[in-house]
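The values are calculated or read from the model by the stated rules, or taken from the named source; none is laboratory data. The structure presented is a predicted model; accordingly, all values stated were derived computationally and were not measured. Cβ placement follows ideal geometry from the backbone for every residue including glycine, while neighbour counts extend to all protein chains displayed. Keep in mind that these areas ignore ligands, DNA and RNA; they rest on the heavy atoms of the full protein, side chains included. Shrake-Rupley method; radii C 1.70, N 1.55, O 1.52, S 1.80 Å.
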Amino acid sequence: MAQGRIMDRPADYQKLGINPNKIENWEDGRRDTDEAGHAEVWYLDCSFDDKSTLVLGFRPKSTDQVVNKGDNPNVAINYTSADGQPFYDYRLYDVKDAHSSEDQLDLKWGPSTLVGDNWHTYDIHIESEADQEIVMEGKKSVEHKTAVDLHFEAQVKPFRPGSGYIAFGENDEFYYNFICVTSLTVSGEVTINGEKKQVNGTAYYNHQWFNIHPSVAFHHWIWGRQNVGDYNVLIYDMVGADRFGEPQIPLFTIDDSKGNRVFENTSSANAQVDILETYIQKETNKVTPKTIRYIFTQDDIEVEYKIYDPKEINLINIYGMASDEQKKQFDAMGLQPTYTRYLASTELKITRNGQTEVIDGSMLYEINYAAKEL
């Protein structure tokens, strides 16, 4: 029996102290603790007009600290130039120099700040700092000359599936939480590799927190977002781990160019998910989805969304990079964690009022695949 669900019952909202009709400002503040196994992230993914990209993550704990009690506040800066050259700059701060508000999004970690106002605007300030070697997520940065001053404005309302809590286990004892804003404008100034430039573009934001490591919580997930035609689309297809009976939680939203929510799905009861084609990933030898089709039906709207012809642009073979001792631990748990980022073609069909609209496009998406087999 599947042991995974979105906590969206009246008793859930009452237990969690969450307004079922409104996403409130405090929900974007610090939500979790520094207990072992707990973690949190505020994440912004920017696509600038000059074709460069910038991913920013503010985390109370680095990924390798999650298993331990105690915070080590950090900021991850991942920049990719228009010609595809990656650049990393990571910052690490002492807990005594870090402030995190529970009333709203107001992080001040050393000189780095992230402030949000009611899920509508966000401001980031990161200064250049003295050189020191920092290794995070398997990548090293020594020079810390990067500076960021960016302002974000939401173009759509935030998306919170139910209460935001996705529960796993017989008694909902594990949780993985997710709230996002799928479309924002971004403007400001960045300094990368000593080059200062003005930037404008679009962005995506999410806030996540959990008390179970994603590799243990999920068999795999498929996540992507795109602007296609007059629409902004988000897919976050989560499949729980074997130990939880592989519950499927397919989250999906469509917003139009005016910021109106056209469609929203948070239930597997309204969704059909078909993996039409697979391939053997050369480096990992894993059977991996290649062509995926989603059919969502709700009231008088049917949406068919197909992802196909993917091309791998980044593969992180977490299992392959692990030590022999870590591999033994993964094997004992039946895991072979890998992460792959793709560029793929998409087809979106929206049928309403007897009319069908078909929009073709392309999308960057990821498969975070912890299990050994599909």
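For the pair Tyr339 and Ser187, label points projected 7 Å from Cα toward Cβ lie 3.2 nm apart.
With a simple spin-label model that places each label point 7 Å from the Cα along the Cα-to-Cβ direction, the separation between Lys139 and Arg293 comes to 3.7 nm.
Only protein heavy atoms count here; under a 1.4 Å probe, Glu246 has an accessible surface of about 80 Å². What FRET efficiency comes out for Ser257 versus Asp83 if R0 is 35 angstrom and r is the Cβ-Cβ distance? Round to the nearest 0.05. With R0 = 35 Å, the Cβ-Cβ based efficiency is 0.75.
When only the Cβ of Lys, Arg, Asp and Glu is charged (+1, +1, -1, -1), the dipole of segment 235-297 relative to its Cα centre reaches about 100 debye. For the chain, just say rounded, prolate or oblate: build the C-alpha gyration tensor, square-root its eigenvalues into a ≥ b ≥ c, call rounded for a/c under 1.5, and beyond that prolate if a/b exceeds b/c, oblate if not. It is rounded, given that a/c, with a ≥ b ≥ c, falls under 1.5. For Lys108, the lysines whose Cα falls under 16 Å of its own Cα, not counting residues fewer than eight places away in the same chain, are Lys61, Lys96. Largest to smallest in accessible area, the residues Met321, Met363, Met1 fall in the order Met1, Met321, Met363 (1.4 Å probe, all protein chains included). Rounded, prolate or oblate: which fits segment 283-348, taking a ≥ b ≥ c as square roots of the Cα gyration tensor eigenvalues, rounded meaning a/c under 1.5, else prolate when a/b beats b/c? It comes out prolate by the Cα gyration axes. Taking every C-alpha pair closer than 8 Å and separated by at least 6 residues, the mean separation divided by the residue count of segment 173-253 gives a relative contact order of 24 percent.
Relative to the 2.2 N^0.38 Å rule of thumb, segment 264-374 has a C-alpha radius of gyration ratio of 1.31. Using the Cβ-Cβ distance between Lys69 and Ile280 with R0 = 30 Å, the FRET efficiency computed as 1/(1 + (r/R0)^6) comes to roughly 0.15. Put a plus charge on the Cβ of each Lys and Arg, a minus charge on the Cβ of each Asp and Glu, and nothing anywhere else: the dipole of the chain about its Cα centre is then about 520 debye.
Once C-alpha pairs closer than 8 Å and six or more residues apart are averaged by separation and normalised to the residue number of the chain, the relative contact order reads 13 percent.
Ignoring aspartates and glutamates fewer than eight residues from Lys196 along the same chain, the ones with Cα atoms less than 17 angstrom from its Cα are Asp49, Asp50, Asp89, Glu127, Glu129, Glu143, Asp149.
Here r is the Cβ-Cβ distance between Gln132 and Gln355 and R0 is 41 Å; the resulting FRET efficiency, rounded to 0.05, is 0.10. Each distinct pair of alpha carbons in segment 209-334 adds a 1/r term; the inverse of their mean, the Kirkwood radius, is 16.7 Å.
Only DSSP H runs of four or more residues enter the estimate; each adds -39500 (n - 2.57), and after division by the residues of the chain the mean residue ellipticity at 222 nm equals -1500 deg cm²/dmol.
With the charge dipole of segment 3-69 set up from +1 on Lys and Arg Cβ and -1 on Asp and Glu Cβ about the Cα centre, the Cα lying farthest toward the positive end among the listed residues Asn25, Val66, Ala36 is that of Ala36.
Under the convention that each Lys and Arg Cβ holds +1 and each Asp and Glu Cβ holds -1, the size of the dipole of segment 16-113 around its Cα centre is about 140 debye. Only protein atoms count toward the accessible area here, which uses a 1.4 Å probe; on the chain, the carbon and sulfur part of that area reaches 45 percent. Cross-linked pairs Lys145/Lys327; Lys139/Lys311; Lys157/Lys286; Lys69/Lys327: Cα-Cα separations exceed 30 Å for Lys145/Lys327; Lys157/Lys286. Over the chain, accessible surface divided per residue gives 45 Å², non-protein components excluded, 1.4 Å probe. Taking amide H atoms as placed 1.01 Å from N in the peptide plane, list the residues 5 or more away in sequence, or in a different chain, whose amide H sits under 5 Å from that of Asn68. Distant-sequence amide H within range of Asn68: Gly37. Multiplying the residue separation of Glu325 and Asn21 by 0.36 nm and removing their Cα-Cα distance gives an extension gain of 104.6 nm. Spatially, segment 322-363 and segment 135-177 are offset by 18 Å when compared through their Cα centroids. The Cα atoms of segment 133-203 give a gyration tensor whose axes a ≥ b ≥ c have a/c of 1.5 or more with a/b no greater than b/c, which makes the shape oblate.
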